[in-house]
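Student: Before I ask anything, here is the structure I am working with.
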Amino acid sequence: VGEDLLKLIRQETWASLDSEVAPSMSAGISHNQHSGATSFENLIREAETGCSMARQAGGDRVVQWVDVETELDRLHEELAEQMREVERRGELFAREQDTIAESRSKEFVKLIETLFSREKPSEVVVRLEKEMIALALDQVENWRDSSLARELTESKRQVDNLERRVRKLTDLLDV
């Protein structure tokens, strides 16, 4: 019925002051032949959605609710596929980062071993060795401090949340 009406409207022309105007129609069609009971409000909403899709597709067309459901299913599947691709790429990226970090660690260890593998190290090597050990200890201390700071911040946040909840419950009990 919607397609027949669209054909009739396409055949019409309306006279304007300067020229003829060809009317167009965008329509959304819904039906109550769904497997479940459908309310009048749902039917209107489905028809409005179809009409909106018809306009977004360029107008001058009829979109049935079945078409909308099919398009929604397609979009859901496309979104699911994109999410799977994002997950796959994220896993590949994480593996690549692990490989790079491991490779750099091995290179660093080899450089250190090469640097300190001499039987009688020079004063420069001994001084460099001490500086590297001090730097490594400093980095470990910084990491430990930052880890403790994160734990303290998280604990403070949890305490603040609990205090807010206690205040709310107290206020409710006083009412």
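Student: Over the heavy atoms of S105, what accessible area does a 1.4 Å probe trace out, to the nearest 10 Å²?
Tutor: Near enough 70 Å² of accessible area.
Student: Looking at Q158, Q97, W143, which one has the Cα that reaches farthest to the positive end of the dipole of the chain (charges on Cβ: Lys, Arg +1; Asp, Glu -1)?
Tutor: W143
Student: Report, largest value first, the span of the C-alpha coordinates of the chain along each principal axis, in whole Å.
Tutor: Extents along the principal axes, in whole Å: 102, 60, 44.
Student: Tell me the accessible surface of K106 in square angstrom (1.4 angstrom probe, heavy atoms of protein chains only), to the nearest ten.
Tutor: Estimated to the nearest 10 Å², K106 gives 120 Å².
Student: Exposed loop GluC sites (Glu not before Pro) only (DSSP loop, at most 15 other Cβ atoms within 10 Å): please give the longest stretch of the chain free of them, not including the sites. Walk me through the numbers before you get to the answer.
Tutor: Details: sites that count: E12, E119.
Maximal segment without exposed cleavage sites: 13-118.
Student: I've got another one for you. Pairs of lysine in the chain with Cα under 22 Å and at least 8 positions apart or on different chains: total?
Tutor: Counting lysine pairs in the chain gives 5.
Student: Which angle from 0 to 90°, rounded to the nearest 10, does the C-alpha axis of helix 40-56 make with the longest principal axis of the chain?
Tutor: 80
Student: Separate question: Averaged per residue, what accessible surface does the stretch 43-123 expose to a 1.4 Å probe, in Å²? The partial results should precede the final answer.
Tutor: On the way: 6680 Å² over 81 residues.
Heavy-atom SASA per residue in the stretch 43-123 reads 83 Å².
Student: How large is the charge dipole for the chain, taken about the Cα centre, if only the Cβ atoms of Lys, Arg (+1) and Asp, Glu (-1) carry charge, to the nearest 20 debye?
Tutor: The calculation lands at about 840 debye.
Student: On to the next question. Ignoring everything but the protein chains, give the 1.4 Å probe accessible area of S52 in square angstrom, nearest 10.
Tutor: 40
Student: Based only on the alpha carbon positions, what is the Kirkwood hydrodynamic radius of the stretch 122-169, in angstrom?
Tutor: Across the stretch 122-169, the inverse of the average 1/r is 13.7 Å.
Student: So for the chain, taking the charge dipole from beta-carbon charges (+1 Lys/Arg, -1 Asp/Glu), which of I29, V86, S39 sits furthest toward the positive end?
Tutor: Selected residue: V86.
Student: Give, rounded to the nearest 20 debye, the magnitude of the charge dipole that the stretch 1-94 has about its Cα centre when Lys and Arg contribute +1 at Cβ and Asp and Glu contribute -1 at Cβ. Don't skip to the end; give the middle numbers.
Tutor: Details: 9 positive and 19 negative charges, 8 e Å.
Once rounded to the nearest 20, the dipole reads 40 debye.
Student: I've got another one for you. Viscosity 1.306 mPa s, temperature 10 °C: what is the translational diffusion coefficient of the stretch 1-78 from Stokes-Einstein with a Kirkwood Rh over Cα pairs, rounded to a whole number of µm²/s? Walk me through the numbers before you get to the answer.
Tutor: Working: Rh = 13.9 Å.
The Stokes-Einstein estimate is 114 µm²/s.
Student: Please report the relative contact order for the chain, taking Cα pairs under 8 Å with a sequence separation of at least 6, and give it as a percent rounded to a whole number.
Tutor: The value is 13 percent.
Student: Additional query: Using only the Cα atoms of the stretch 46-129, each taken as one equal point scatterer with no solvent, compute I(q) by the Debye sum, divide by I(0), and report log10 of the ratio at q = 0.14, 0.19, 0.23 Å⁻¹.
Tutor: Ignoring solvent entirely, the Cα scatterers give -0.73, -0.89, -1.03.
Student: How would L5, L128 line up by accessible area, probe 1.4 Å, largest first?
Tutor: If we order L5, L128 from most to least accessible, we get L5, L128.
The values are calculated or read from the model by the stated rules, or taken from the named source; none is laboratory data. Values in this document were obtained by computation on a predicted structure and should not be read as measured data. Cβ sites come from the backbone with ideal geometry, for glycine too, and all protein chains shown count toward neighbours. When the accessible area is computed, the model is the full protein with side chains, heavy atoms only, and any ligands, DNA or RNA have been set aside. Shrake-Rupley method; radii C 1.70, N 1.55, O 1.52, S 1.80 Å.
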